[in-house]
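Some notes on the structure that comes next.
The values are calculated or read from the model by the stated rules, or taken from the named source; none is laboratory data. Computed from a predicted model, the values in this text were never measured in an experiment. Cβ atoms come from the backbone with ideal geometry, glycine included; neighbour counts cover every protein chain shown. For accessibility, only protein heavy atoms count, side chains too; no ligands or nucleic acids. Shrake-Rupley method; radii C 1.70, N 1.55, O 1.52, S 1.80 Å.
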Amino acid sequence: MELDMETMAASIGVSVPVLRFLLCFVATIPVSFLWRFVPGRLPKHVYSAFSGVLLSYLSFGVSSNLLFLLPILLGYAAMVLYRPKCGIITFFLSFGYLIGCHVYYMSGDAWKEGGIDATGALMVLTLKVISCAINYNDGLLKEEDLREAQKKNRLIKLPSLIEYLGYCLCCGSHFAGPVFEMKDYLEWTEGKGIWAHSDKGPSPSPYGATLRAIVQAVICMAVYLYLVPYHPLSRFSEPIYQEWGFWRRLSFQYMSGFTARWKYYFIWSISEASIIISGLGFSGWTESSPPKPKWDRAKNVDILGVELAKSSVVLPLVWNIQVSTWLRHYVYERLITKGKKPGFFQLLATQTVSAVWHGLYPGYMLFFVQSALMIAGSRVIYRWEQAIPMSMGLVKKALVFINFAYTLMVLNYSAVGFLVLNLHESLALYGSVYYIGTIVPITLILLGYIIPAKPARSKARKEQ
């Protein structure tokens, strides 16, 4: 069997541990499908937890479940022992533990070299544990003091331990997400909320949407396998890269980021299929006639939305969607002082938390600081565009195109740090294109103060 695994791994150009993970990851689709046939609430929770434990064991070994056990128990203990502060306690304990694991395993180096470990799954699990504790904490607060997301997700009653374990490890959804809320998990398991029988009919069939996600995953993997031999990260350290001119280097940086994204598109498409086929991905009905089911809860990426983004501002809404939603609800919005508008501090703090969540590599830090600058610069262009009267349609269109080109350039320039991780190499590669992706956003931010623009419509302000 091991020989067969080695042969299979070699045939697709990955290591045996990565192949084992991929097989277990794809297996989350039939495992999630079988959940539909488990009778009763308690058996469903047991099945969710047990299947997650089993898939983790088969993918990473017994140590992975021991790795997951501590943050799970710490989060639950905080909710049981000290509810008034369980959210903040769980936040810092879970992130502290995750940081310690990042430092110990140095997973980024393993991922670059084709290896894999359980740290990626721990990252998803950390967000689920924290959100559950914060929502239980929110259950003590007055409803009028809560934002809409807090009202929707807060927990009045402490989940049982088996409910909590089922939520954390649900059918292997901790492998790559998407992150979802405890309240949604409970309502899905109990057939309540949007999963209850309604006048729009019984729960919709997930099979068409699942098939679409699987086909998307196959296409994404095919594109990645086609592109990666032509744009390997090793090219950055080869002498030929230094011989290229500015535009050739910049275009190679673009293609490196573009190529790498298809790997993530594949992973998220598989996880989307898994969540959809279980039924958990259902997020309600459209207002059309007849109504159609929506599967937004399972969606983690909008591929065309990323590659054709008209503004950097929309990227968090189309890339790693559920983690971006988590960051908005549990970091960004909670840093805003009541009665005041959010500013660059909230944006930078949120991006910093995201960077730490990914790992303590300098490349991650550089990427997410760059992201904050990129979004701030894009907002300036957007405000200028909104200030142009409709009679100057050509100028407005030119600014829209400039924002699109700016987003494309700065995103892929910034992604270099995310890909190579090393500080010296990241800075050297940024320097090889004269730090254009850093200088342009900073220049735009400064110009935003020098040439202020008032949006023509209040609606435009709200969207940004």
Q: Please give the number of the condition residue 291 fails out of (1) assigned to a helix (DSSP H, G or I); (2) in contact (Cβ under 8 Å) with a residue 12 or more places away in the chain.
A: (1)
Q: Taking the options 85, 157, 152, 128, name whichever one is in contact with a helix residue (DSSP H, G or I) (Cβ under 9 Å, 6 or more places away or on another chain), open to solvent by less than 30 Å² (accessible area, probe 1.4 Å) and not β-branched (Val, Ile, Thr).
A: 128
Q: Test residue 223 against the criterion of being within 29 Å of residue 30 (Cα to Cα), modelled with pLDDT of 95 or more and surrounded by fewer than 13 Cβ atoms within 10 Å (Cβ to Cβ), and give yes or no.
A: no
Q: Would you be able to tell me the number of residues in the stretch 14-32 that are open to solvent by less than 70 Å² (accessible area, probe 1.4 Å) and in contact (Cβ under 8 Å) with a residue 24 or more places away in the chain?
A: 13
Q.
Return the pair list, or none, for Cβ contacts closer than 6 Å from residues in the stretch 403-424 that are outside any helix (DSSP H, G or I) to residues that are open to solvent by less than 10 Å² (accessible area, probe 1.4 Å), at least 6 apart or on different chains.
A. 421/108; 421/363
Q) From the residues in the stretch 355-364 that are in contact (Cβ under 8 Å) with a residue 24 or more places away in the chain and assigned to a helix (DSSP H, G or I), which one is most open to solvent (accessible area, probe 1.4 Å)? A) 362
**Q.** Test: residue in the stretch 33-40 that is open to solvent by 40 Å² or more (accessible area, probe 1.4 Å), at negative phi, part of a helix (DSSP H, G or I) and modelled with pLDDT of 95 or more
**A.** yes
(Q) So residue 178 ticks every box in (1) more than 17 Å from residue 64 (Cβ to Cβ); (2) at pLDDT 95 or above but one. Which box is left unticked? (A) (2)
Q: Could you please find all residues in the stretch 380-391 being surrounded by 11 or more Cβ atoms within 10 Å (Cβ to Cβ) and in a helix (DSSP H, G or I)?
A: 380, 381, 382, 383, 384, 385, 386, 387
Q: Give just the number: which of (1) at pLDDT below 95; (2) open to solvent by 40 Å² or more (accessible area, probe 1.4 Å); (3) of a type outside the set (A, V, I, L, M) does residue 371 not satisfy?
A: (2)
Q: Any chance you could count how many residues in the stretch 248-282 are more than 20 Å from residue 216 (Cα to Cα) and either outside any helix (DSSP H, G or I) or in contact (Cβ under 8 Å) with a residue 12 or more places away in the chain (or both)?
A: 7
Q) Which condition breaks for residue 5 when tested against (1) in contact with a Lys or Arg (Cβ under 8 Å, 6 or more places away or on another chain); (2) open to solvent by 60 Å² or more (accessible area, probe 1.4 Å); (3) not aromatic (Phe, Trp, Tyr)? A) (2)
Q | Total residues in the stretch 118-157, condition closer than 21 Å to residue 104 by Cα and not in a helix (DSSP H, G or I) | A | 1
Q. In the stretch 225-245, is there at least one residue being among the β-branched types (Val, Ile, Thr), in contact with a helix residue (DSSP H, G or I) (Cβ under 7 Å, 6 or more places away or on another chain) and within 30 Å of residue 330 (Cα to Cα)?
A. no
(Q) From the list 165, 67, exactly one residue is at pLDDT below 95, touching a helix residue (DSSP H, G or I) at 6+ places or on another chain (Cβ under 7 Å) and open to solvent by 10 Å² or more (accessible area, probe 1.4 Å). Which is it? (A) 67
Q: List the number of the failed condition for residue 231; all other conditions in (1) over 22 Å from the mean Cα position of the chain (by Cα); (2) open to solvent by 60 Å² or more (accessible area, probe 1.4 Å) hold.
A: (2)
**Q.** Test: residue 423 is over 30 Å from residue 242 (Cα atoms), surrounded by fewer than 17 Cβ atoms within 10 Å (Cβ to Cβ) and hydrophobic (A, V, I, L, M, F, W, C)
**A.** no
Q | Looking only at the stretch 322-348, and only at residues there that are among the small types (Gly, Ala, Ser) and over 17 Å from the mean Cα position of the chain (by Cα), the one that is surrounded by the most Cβ atoms within 10 Å (Cβ to Cβ) | A | 343
Q: Mind counting the residues in the stretch 374-394 that are hydroxyl-bearing (Ser, Thr, Tyr) and either modelled with pLDDT of 90 or more or under 19 Å from the mean Cα position of the chain (by Cα) (or both)?
A: 2
